[in-house]
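Undergrad: Structure incoming, see below.
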Amino acid sequence: MDLHDRQQRILAELRMHGTVSVADFAQRIGVSPMTVRRDLRELADAGRVRRIHGGAEAVEAEAFGGVRHRPAPRAGGDASGADAPLFTLGLITPDPSYYFPQIVDGAVERTRALGGRVVLGVSLYEAERERAQIARMLSGGVDALLVTTTVADSFDRFAQLSEAPVPVVMVERSVEHAPVGDELESVRTDHSAGAVIGIRHLAELGHERIGMYFVETPSAPFLRAGVRRALERLDLPPVSPVAEVPEGDSGDLARSFLRSALDAGVTAVLAHSDHYAVELTGIALEMGLDVPGDLSILTFDDSFAALAAVPLTAVTPPGRDIGRLAAAMAFERLASTDTVSAARHVTLRPCLTVRESTGPRR
């Protein structure tokens with residue numbers, strides 16, 4: 001553990017516990033007491049800690065509220081401190097692939113920087129598996145939970161998590177309007193804003209008639225709302241045609257959709273998500289269409305949009321930032337000295353990544 005990481009770990013422990021002992025900290029992370037004293041002296045000179053006999057205390061407590069318990073420092077560990085986490089976050093995701101690894105990477109990165117560890121669970125979109133994993137993590141002693149439920153409006157799960165004895169942050173799920181669980185914290189992509197970004201990009205290229213090709217996901221209602229808002233603001237006609245893609249082979253549907261789109265004068269399509277956009281692009285090329293000459297295609301997700309036959313312009317969600325912020329929010333709850341504070345429901349704005357699949361309307 002280098003100087004920067006060690007001092008960040010000291011500051012994290014002070015936020016979590018208010019004080020740190022030289023002897024205890026040195027033993028837990030595997031360095032000499034002299035090294036810890038030197039770190040504390042540098043931090044005190046910078047005004048970040050206050051020296052006391054045998055250790056240091058926090059200069060001031062940051063109030064983030066809602067703490068229900070406070071983890072104790074873990075004993076043991078090797079010379080790097082890898083086996084002596086300050087806290088443990090349980091992270092439950094419905095899918096080990098596609099978009100979610102970005103969130104996991106961000107959460108792990110931030111948690112490690114704060115001196116903690118992440119325990120991962122995957123529900124595979126099975127509600128009962130998800131319920132059991134939450135119960136198992138809580139009984140196993142995690143200090144906080146980050147959860148992406150199998151479906152968007154999982155009221156039973158919100159109710160279960162509301163009873164959890166640890167802080168909970170919902171990830172890429174909205175709880176603001178749920179009948180239960182609105183006291184849970186959440187961080188998610190602003191998919192409506194992303195749809196606005198995408199439609200505005202197409203409109204700036206001169207496209208007026210836009211089609212929508214999408215699979216029904218927890219994000220789809222927000223995307224549709226954003227598309228409607230953008231078209232109204234830009235005084236453009238409603239999207240037409242709209243194709244809701246079923247699971248499985250969608251090749252015939254893609255061909256039918258493209259024929260209907262061309263008949264309707266559509267010159268651009270917003271697709272969700274990447275694997276359907278990639279397939280749609282390939283079929284458009286097979287049908288002899290030029291992308292973007294005859295048809296611009298824009299996708300929402302950007303997990304592998306760049307690998308399409310024509311690299312796809314994409315609305316790119318901030319997956320790593322979502323993971324980082326979710327972990328930080330959980331830590332702040334653990335580290336808080338307040339007993340009451342408003343729950344935070346945070347949305348992060350995606351960005352536009354322009355590639356070769358969108359161009360001016362002919």
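Undergrad: To the nearest 20 debye, what is the magnitude of the charge dipole of segment 290-362 about its Cα centre, counting +1 on the Cβ of each Lys and Arg and -1 on the Cβ of each Asp and Glu?
TA: The dipole magnitude comes to about 160 debye.
Undergrad: Using unit Cβ charges (K, R positive; D, E negative) and no other charged atoms, how large, in debye to the nearest 20, is the dipole of segment 214-362 about its Cα centre?
TA: Magnitude of the dipole: close to 600 debye.
Undergrad: Placing +1 on the Cβ of each Lys and Arg and -1 on the Cβ of each Asp and Glu in the chain, which of G115, M137, G206 has its Cα farthest towards the positive end of the resulting dipole?
TA: It is G115, whose Cα lies furthest towards the positive end.
Undergrad: Let me ask you something else. Can you tell me which of 164-174, 14-24 comes out highest on packing, and rank the rest after it, using the mean Cβ neighbours within 10 Å?
TA: The densest-packed peptide leads the list: 164-174, 14-24.
Undergrad: Taking Cα Rg over 2.2 N^0.38 Å as the quantity of interest, determine which of (1) 1.11; (2) 1.18; (3) 1.01 was computed from the displayed structure.
TA: Given (1) 1.11; (2) 1.18; (3) 1.01, the calculated one carries the label (2).
Undergrad: Over segment 253-293, what percent of the accessible surface lies on carbon and sulfur atoms, probe 1.4 Å?
TA: So the carbon and sulfur contribution to the accessible surface is 51 percent.
Undergrad: Which three semi-axes in whole Å describe the equivalent ellipsoid of segment 277-318, each the square root of 5 times a Cα gyration tensor eigenvalue, listed largest first?
TA: 19, 10, 7
Undergrad: Mean residue ellipticity at 222 nm from the helices of the chain, using -39,500 (n - 2.57) per DSSP H segment of n ≥ 4 over the full residue count, to the nearest 500 deg cm²/dmol?
TA: The helix-only estimate for the chain comes to -12500 deg cm²/dmol at 222 nm.
Undergrad: Still on this structure: Given charges of +1 on the Cβ of Lys and Arg and -1 on the Cβ of Asp and Glu, with all other atoms neutral, how large is the dipole of the chain about its Cα centre, in debye to the nearest 20? Present the calculation step by step, with values, prior to reporting the outcome.
TA: Working: 38 positive and 49 negative charges, 241 e Å.
Taking the Cα centre of the chain as origin, the dipole is about 1160 debye.
Undergrad: Out of H191, H272, H201, any idea which swings most in a Gaussian network model of the chain, alpha carbons joined below 10 Å?
TA: It is H201.
Undergrad: Pick out, from A268, F87, Q7, the residue whose Cα sits farthest towards the positive end of the charge dipole of the chain, with +1 on the Cβ of Lys and Arg and -1 on the Cβ of Asp and Glu.
TA: Q7
Undergrad: Could you tell me whether segment 256-340 comes out rounded, prolate or oblate from its Cα gyration tensor? Rule is a ≥ b ≥ c as square roots of the eigenvalues, rounded for a/c under 1.5, then prolate if a/b exceeds b/c, otherwise oblate. Could you put the intermediate results ahead of the total?
TA: Values: a/c = 4.88, a/b = 3.29, b/c = 1.48.
Judged from the Cα gyration tensor, segment 256-340 comes out prolate (a/c at least 1.5, a/b above b/c).
Undergrad: Grab the other residues whose beta carbon is less than 14 angstrom from that of Q8, score K and R as +1, D and E as -1, and report the net. Kindly include the intermediate steps, with their values, before the conclusion.
TA: Working: positive: R6, R9, R15, R48, R110, R112; negative: D2, D5, E13, D39, E42, E109.
With Lys, Arg at +1 and Asp, Glu at -1, the net is 0.
Undergrad: OK, next. As I understand it, the dipole of the chain uses +1 on the Cβ of Lys and Arg and -1 on the Cβ of Asp and Glu, about the Cα centre. Which of P318, A164, A127 lies farthest toward its positive end?
TA: A164
Undergrad: Return the long-range amide H neighbours of A271 (sequence gap of 5 or more, or a different chain), with a cut-off of under 5 Å between placed amide H atoms.
TA: Residues meeting the amide H criterion: Y213, L298, T299, F300.
Undergrad: For labels at D153 and C351 in the simple 7 Å Cα→Cβ model, what's the distance in nm?
TA: A separation of 3.4 nm, rounded to one decimal place.
Undergrad: Hey, can you grab everything whose amide H is under 5 Å from the amide H of V346? Only 5+ residues off in sequence or another chain; H modelled, so Pro and N-termini drop out.
TA: Amide H neighbours of V346: S186, V187, R188.
Undergrad: Still on this structure, I have one more. Roughly how many Å² is the accessible area per residue of segment 179-283, as a whole number, for a 1.4 Å probe?
TA: Result: 41 Å² per residue.
Undergrad: Pop out the ³J(HN,Hα) list for segment 223-240 in order, Karplus 6.51 cos²θ - 1.76 cosθ + 1.60 with θ = phi - 60°, rounded to Hz; leave Gly and Pro as x.
TA: Each residue's phi maps through the Karplus curve to give 4, 4, 5, x, 4, 4, 5, 5, 5, 5, 5, 8, 6, 10, x, x, 4, 6 Hz.
Undergrad: Once you keep just the Cα pairs under 8 angstrom separated by 6 or more residues, what percentage relative contact order results for the chain? Intermediate values should be presented prior to the final figure.
TA: Numbers: 750 pairs, mean separation 73.7, N = 362.
Reported relative contact order: 20 percent.
Undergrad: Just to verify a number: FRET efficiency for M34 and L120, C-beta to C-beta distance, R0 = 41 Å, to 0.05? Intermediate values should be presented prior to the final figure.
TA: Working: r = 37 Å, r/R0 = 0.91.
Step by step, r from the Cβ atoms, then E = 0.65.
Undergrad: For a quick check: with amide H placed at 1.01 Å from N, whose amide H comes under 5 Å from S21's, ignoring anything fewer than 5 positions away on the same chain?
TA: Result for S21 returns nothing.
The values are calculated or read from the model by the stated rules, or taken from the named source; none is laboratory data. No experiment lies behind these values; they were computed from the predicted model shown. Here Cβ is always computed from backbone atoms with ideal geometry, including for glycine, and neighbour counts include all displayed protein chains. Side chains included, ligands, DNA and RNA excluded: accessible areas come from the protein's heavy atoms. Shrake-Rupley method; radii C 1.70, N 1.55, O 1.52, S 1.80 Å.
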